[in-house]
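The values are calculated or read from the model by the stated rules, or taken from the named source; none is laboratory data. These figures come from a predicted structure and were not determined experimentally. No Cβ is skipped: glycine too gets one built from the backbone with ideal geometry, and neighbour counts run over all protein chains shown.
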Amino acid sequence: MGYSRAEINFTLNYFPDVNQQPIQPNLPYNAMLIKIIQASAYFFTLKDLGELNLLNKSFNTELLNERVCMHICCQKLKYTSIKCLDYINIIPHFNNLTGIKVKSYKDMFKCLKNTYNLIKNPYGAEGFDNWEVFHGGDQIIIENRGTFKDHSCIFVTSFEWCSLIQEIVVPDGKNRVLVAGVICGRRSDCGSAAEMIIKTQFEEKKILENMPTPGVPDSWKLMTLKFDIGPDPTIINTTFLGKDTQYWKGHYGARIGHCFVMAVDYPIIE
């Protein structure tokens, strides 16, 4: 498995205190060698860095590999979590999100290596492209304030149900878990509701979230649904809905910050 020099350097700098406890307590850890690798990551490949093990028999390249895998997994799941993901919470978040239990960053990476968001235009950066839109109330709009994390915009609903619908095709693969989710929020001055409906060839699931007031603005909620799917290509119909609960004119309804559908491989039992 190859990594870019930027990924290597990032993961080595992910922990500001090189004298802290290692990620895996059983792995030998040498702070001075880590400093050398940090300084060398700009012009060495991962293979070169691994060969630095010859300089210090207490260093185990598995430590470096685990950190790179951790960083990649944090990036893949960045918008599936309200919190910022790091070396402490990424594995518990993955376990809760997918229902798959892993114990190491490398095992988690193996499950996620073929995973990406199957939803196109998940937060409105391209207007309503790729969405079938049903406008309720004063229509669903796209705003560039109060967005989720570093996104540039967000879908905002009105006083009657507004919906965003997208049909996606899950490509062939292994036996997998299909995880669908939406990050939604509400204003502090008006209650709102959000709903997600996911249909596969064999079943339909839905989840409803009521967000009453008062509350903190942009207080995000994560809504998720999970399905077991086989290796064949699968057509999925996704619907994300929102409205306000006080029937206010304008755009005071649920704020849809990010939509996602991902296929996550089950771990290989060796």
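Residues in segment 80-118 that are surrounded by fewer than 20 Cβ atoms within 10 Å (Cβ to Cβ), over 22 Å from residue 174 (Cβ atoms) and hydroxyl-bearing (Ser, Thr, Tyr): 87 only. Against the list (1) out of contact with any Asp or Glu (no Cβ under 6 Å at 6 or more places or on another chain); (2) on the phi < 0 side of the Ramachandran plot; (3) at pLDDT 95 or above, the condition residue 130 fails is (2). Test residue 148 against the stated conditions and say whether it is closer than 26 Å to residue 83 by Cβ and buried (at least 19 other Cβ atoms within 10 Å of the Cβ). It is true that residue 148 is closer than 26 Å to residue 83 by Cβ and buried (at least 19 other Cβ atoms within 10 Å of the Cβ). Part of a loop (DSSP other than H, G, I, E, B), outside the structural domain of residue 101 (by TED's automatic domain parsing), of a type in the set (Ser, Thr, Tyr) and within 25 Å of residue 126 (Cβ to Cβ): does that describe residue 158? Taking the combined requirement at face value, the residue satisfies it. In segment 152-177, the residues that are within 20 Å of residue 266 (Cβ to Cβ) form Cβ pairs under 7 Å with partners that are among the β-branched types (Val, Ile, Thr) and not in a strand (DSSP E or B), at six or more places apart or across chains, as follows: 177/98; 177/100.
Taken over segment 127-142, residues that are charged (D, E, K, R) and touching a Lys or Arg at 6+ places or on another chain (Cβ under 8 Å) amount to 2.
One line per residue, one yes/no per condition, for (1) under 15 Å from the mean Cα position of the chain (by Cα); (2) part of a helix (DSSP H, G or I); (3) β-branched (Val, Ile, Thr):
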residue: 66; (1), (2), (3): no, yes, no
residue: 74; (1), (2), (3): yes, yes, no
residue: 93; (1), (2), (3): yes, yes, no
residue: 96; (1), (2), (3): yes, yes, no
residue: 103; (1), (2), (3): no, no, no
residue: 120; (1), (2), (3): yes, no, no
residue: 126; (1), (2), (3): no, no, no
residue: 142; (1), (2), (3): no, no, yes
residue: 146; (1), (2), (3): no, no, no
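Only one of the listed residues (180, 194) is touching a residue at least 60 places away in the same chain (Cβ under 8 Å), among the hydrophobic types (A, V, I, L, M, F, W, C), under 15 Å from residue 254 (Cβ atoms) and crowded, with 22+ Cβ neighbours inside 10 Å. That residue is 194.
The criterion of at least 2 residues that are within 25 Å of residue 93 (Cα to Cα) and of a type in the set (Lys, Arg) is met by the following strands (runs of 3 or more DSSP E) wholly inside segment 182-270: 204-211, 221-229. Could you say whether any residue in segment 172-179 is closer than 17 Å to residue 228 by Cβ, assigned by TED's automatic domain parsing to the domain that holds residue 71 and outside any loop (DSSP other than H, G, I, E, B)? No, segment 172-179 has no match at all. Could you run through segment 218-270 and say how many residues are of a type in the set (S, T, N, Q), out of contact with any helix residue (DSSP H, G or I) (no Cβ under 9 Å at 6 or more places or on another chain) and closer than 14 Å to residue 207 by Cα? Here the count works out to 2. Residues that are free of Cβ contacts under 8 Å to residues at least 24 places away in the same chain and either exposed (fewer than 14 other Cβ atoms within 10 Å of the Cβ) or closer than 11 Å to residue 165 by Cα (or both) within segment 129-139 comprise just one, 129.
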